[in-house]
Amino acid sequence: MKYYIIAGEASGDLHGSNLIRALKGEDTEANVRCWGGDLMQAAGGTLVKHYKEMAFMGFLEVLLNLGKIFKNIKFCKQDIEAFQPDVIIFIDYSGFNLRIAKWAKTAGFKTNYYISPQIWASREKRIEKIKRDIDAMYVILPFEKVFYEEKHGYPVHFVGHPLIDALNQKPPISDTEFRAANQLDPKKPLIALLPGSRKQEVQKMLRLMLSVVSDFPEYEFVIAGAPSLDRDFYTPYLDNPNVSFVLNKTYDLLRISHAALVTSGTATLETALFKVPQVVCYRANWISYQIAKRIITLKYISLVNLIMDREVVKELIQNSLTTPNLLSELNKILEGPVRQEQLKAYESLAKKLGGPGASVKTAELITSNAKI
């Protein structure tokens, strides 16, 4: 069968690549055409558009790039028409994907959604679009099944979280080997800095994260460079001898880190699954934040706290994200009761996520539904 997959971010590329492998395991004649990144291409998908050309963060950034976005939407529709897939699979990236889904459903294509848009966080009325335009939804967070089925009467499949599989894809490199390969101090405990995957995010977050480095000379701070950004982009941030950098090696870094400062997003859950105590950081431009504050209805912004439905990790948001607050919260997770409480909560978190096999479960459901 022919599959058309649309992902628009680095995390979507990761989960899309594992889904492609699973689809090819279920369907030996699978022909996959995709919007995504290097990982999806390496997994056997024919890459149409790279997510680096599509990643716009925040309301203002989207507004400033509307021309490019509409051009991509038009091209995507034309490409789907030419390819004539048996099923279209949307991965998160709701602003773009829900527009394509509306057109695709009307055009007679089967529409499947893997990794739900976060309509439980904002703009809940999008449920009507999903009910109208999506034939099957595969959710990865336990509370999403309750949200869709009990609150909105829309049946979905809970497949578990794909991060559980992604974290164990390759054998871990040893602490000693990783430090030697990346010129890291052989003895100092590491504090990982995960400032995000988009330029706007990193520019807002990283200087603040680095503002605490001089207060912790006994630790080495390591910036986790995102695959979507070039090494040269990070050069201005590497002017402190106690700050190091690794590119596209976040999982290897987290495996041996003592603590982390993490920009809100999927990375908070990744950090928790690696059992690394963390402080969650978030700051947007003023206009984007004011809009978001008025439409987001959640108590928390990090997936860790949302899944656990309580504050497990400290969230420093917008004006509370300051150097003194970072200093205070980082100290708490380096040693002591707050650190131990986080680690204990992480054990419960992993159990809630449904175990391994999300990609395989999803591929099985997609291929069986596509044949109906």
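Taking every DSSP helix (H) stretch of at least 4 residues in the chain, weighting each as -39,500 (n - 2.57) and dividing the sum by the residue count yields a mean residue ellipticity at 222 nm of -13000 deg cm²/dmol.
Shape analysis of the stretch 162-205 places it in the oblate category; the axes a ≥ b ≥ c from the Cα gyration tensor give an a/c of at least 1.5, with a/b not above b/c. Of the residues 237, 282, 113, the one with the largest accessible area comes first in the ranking 282, 237, 113, computed with a 1.4 Å probe on protein heavy atoms.
Accessible area of residue 70 (1.4 Å probe, protein heavy atoms only, ligands and nucleic acids ignored): about 110 Å². Structure note, pairs 151/352; 2/102; 2/249: Cα-Cα distances above 26 angstrom occur for 2/249.
Pick from 229, 14, 194: which residue has the top mean-square fluctuation in a GNM of the chain where Cα pairs under 10 Å get a spring? It is 229.
Among 2, 52, the sequence by solvent-accessible area, most first, with a 1.4 Å probe is 52, 2. Computed from phi, the 3J(HN,Hα) profile of the stretch 130-137 under the Karplus parametrisation 6.51, -1.76, 1.60 (θ = phi - 60°) reads 5, 4, 6, 10, 10, 6, 8, 10 Hz, with x in place of Gly and Pro. For the set 35, 120, solvent exposure ranked by accessible area (probe 1.4 Å, protein chains only) runs largest to smallest as 120, 35. Under a model in which nothing but the beta-carbon of Lys, Arg (+1) and Asp, Glu (-1) is charged, the stretch 75-218 shows a dipole of about 560 debye around its Cα centre. Residue 347 sits among other residues whose Cβ lies under 12 Å from its own Cβ, and their net charge, with Lys and Arg +1 and Asp and Glu -1, is +3. Note on residue 131 and residue 1: the model spin-label points, each 7 Å out from Cα along the C-beta direction, lie 2.6 nm apart.
A Cβ-based charge dipole, computed about the Cα centre of the chain with Lys and Arg at +1 and Asp and Glu at -1, lands at about 1060 debye. Based on Cα contacts under 8 Å between residues 6+ apart, the chain shows a relative contact order of 16 percent. Per residue, the solvent-accessible area of the chain (1.4 Å probe, heavy atoms of protein chains only, all protein chains present) comes to 44 Å². Rolling a 1.4 angstrom probe over the chain with all protein chains present gives an accessible area of which 52% lies on carbon and sulfur atoms.
Using the alpha-carbon positions of the chain, Rg (one decimal) and Dmax (whole number) come out as 20.5, 61 Å.
Taken as Cα centroids, the stretch 189-248 and the stretch 117-141 sit 35 Å apart, rounded to the nearest whole angstrom.
Sites listed here are GluC sites (Glu not before Pro) in the stretch 314-372 whose DSSP assignment is loop and whose Cβ has at most 13 other Cβ atoms within 10 Å: 335.
For the residue pairs 49/361; 145/361; 131/361, the alpha carbons lie more than 24 Å apart in 49/361. Show the residues, 5+ positions off or on another chain, whose built amide H is closer than 5 Å to the amide H of residue 113. Excluding prolines and chain starts, which carry no amide H, the hits are 90, 136, 137, 138. Overall shape: prolate for the stretch 66-215, with the ratio a/c of the largest to smallest alpha carbon gyration tensor axis at 1.5 or above and a/b above b/c.
Put simply, the amide H of residue 3, placed in the peptide plane, has neighbours under 5 Å in 31, 32, 33, 86, leaving out anything fewer than 5 places away on its chain. Here residue 314 is the anchor, and the aspartates and glutamates within straight C-alpha reach of less than 20 Å, apart from those fewer than 8 places off in the same chain, are 201, 215, 270, 329, 335, 341, 347.
The values are calculated or read from the model by the stated rules, or taken from the named source; none is laboratory data. These numbers were taken from a predicted model, which means no experiment stands behind them. Positions of Cβ are backbone-derived with ideal geometry, glycine not excepted, and every protein chain shown enters the neighbour counts. Note: accessible area is taken over every heavy atom of the protein model, side chains too, but ligands, DNA and RNA are not part of it. Shrake-Rupley method; radii C 1.70, N 1.55, O 1.52, S 1.80 Å.
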